[in-house]
């Protein structure tokens with residue numbers, strides 16, 4: 001069976017009362033590559049014209065915050081079967097492409113491509129959240145567990161990738177990514193259970209967390225690459 005990715009989804013219909021979700025796939029070009037991923041981007045050549053440290057910090061914070069908001073909006077819409085899901089999923093993938101361009105602006109186009117489409121890299125973790133959302137709508141415990149296991153692997157693989165690129169400690173990056181995963185999972189769990197106050201609180205926390213992640217990455221990149229202030 002062909003694996004359904006977030007960006008290729010055209011609609012999701014979740015019959016919540018029966019706990020059954022049906023995901024339909026239509027045309028789309030975004031897929032998570034299974035190509036091998038190097039452990040570091042340090043060998044990648046920087047663009048000849050450096051971005052400033054402040055601009056990079058602002059850009060990463062905005063893009064990561066937008067990622068969290070769009071991801072939570074999409075999973076909330078997906079688990080309830082909203083027809084607005086498809087448009088939100090497309091917006092989320094556009095945000096992913098923008099993030100990859102920010103990485104490419106520092107490390108080069110090849111690094112941006114690996115960031116976006118490498119195995120257990122950025123687009124992959126969005127696909128895993130789709131898997132979790134579908135399993136949650138179906139009340140499929142095994143499917144939920146598999147999606148969570150893939151997300152945990154993502155925090156390790158992608159965390160090590162970012163750590164190798166930026167010089168940050170692996171454990172620090174892994175833990176930061178794990179926090180992001182747990183917040184988004186907690187938000188959709190609460191929303192699905194109709195615990196809307198908890199869902200709203202978790203939504204705000206997950207959004208704010210992304211700006212801290214942006215500061216962490218931008219600070220390390222600026223120091224490593226000696227970016228102008």
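The values are calculated or read from the model by the stated rules, or taken from the named source; none is laboratory data. Just so we're clear, the structure is a prediction, and the values are computed from it rather than from any experiment. Using ideal geometry, Cβ is built from the backbone for each residue, glycine included, and neighbour counts are taken over all protein chains shown.
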Let me confirm something: among 222, 199, 218, 206, which residue is part of a helix (DSSP H, G or I), more than 25 Å from residue 162 (Cα to Cα) and in contact with a helix residue (DSSP H, G or I) (Cβ under 7 Å, 6 or more places away or on another chain)? 199
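Could you tell me which of the residues 91, 53, 68 is within 18 Å of residue 214 (Cβ to Cβ), touching a helix residue (DSSP H, G or I) at 6+ places or on another chain (Cβ under 7 Å) and surrounded by fewer than 21 Cβ atoms within 10 Å (Cβ to Cβ)? Explain how you work it out, then say what you get.
Numbers: 91 fails: within 18 Å of residue 214 (Cβ to Cβ); 68 fails: surrounded by fewer than 21 Cβ atoms within 10 Å (Cβ to Cβ).
None of the others qualify; the one that does is 53.
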Restricting segment 140-156 to residues that are touching a residue at least 24 places away in the same chain (Cβ under 8 Å) and crowded, with 19+ Cβ neighbours inside 10 Å, the one farthest from residue 115 (Cα to Cα) turns out to be 151
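Among the listed residues 112, 81, 159, identify the single one that is surrounded by fewer than 23 Cβ atoms within 10 Å (Cβ to Cβ) and either in contact (Cβ under 8 Å) with a residue 60 or more places away in the chain or out of contact with any helix residue (DSSP H, G or I) (no Cβ under 8 Å at 6 or more places or on another chain) (or both). Write out each step before concluding.
On the way: 112 fails: either in contact (Cβ under 8 Å) with a residue 60 or more places away in the chain or out of contact with any helix residue (DSSP H, G or I) (no Cβ under 8 Å at 6 or more places or on another chain) (or both); 159 fails: either in contact (Cβ under 8 Å) with a residue 60 or more places away in the chain or out of contact with any helix residue (DSSP H, G or I) (no Cβ under 8 Å at 6 or more places or on another chain) (or both).
Going through 112, 81, 159 in turn, just one is surrounded by fewer than 23 Cβ atoms within 10 Å (Cβ to Cβ) and either in contact (Cβ under 8 Å) with a residue 60 or more places away in the chain or out of contact with any helix residue (DSSP H, G or I) (no Cβ under 8 Å at 6 or more places or on another chain) (or both): 81.
From the list 40, 32, 96, 36, exactly one residue is at pLDDT below 95, surrounded by 21 or more Cβ atoms within 10 Å (Cβ to Cβ) and under 17 Å from residue 121 (Cβ atoms). Which is it? Let's see the steps before the verdict.
On the way: 40 fails: surrounded by 21 or more Cβ atoms within 10 Å (Cβ to Cβ); 96 fails: at pLDDT below 95; 36 fails: surrounded by 21 or more Cβ atoms within 10 Å (Cβ to Cβ).
Sole residue among the options that is at pLDDT below 95, surrounded by 21 or more Cβ atoms within 10 Å (Cβ to Cβ) and under 17 Å from residue 121 (Cβ atoms): 32.
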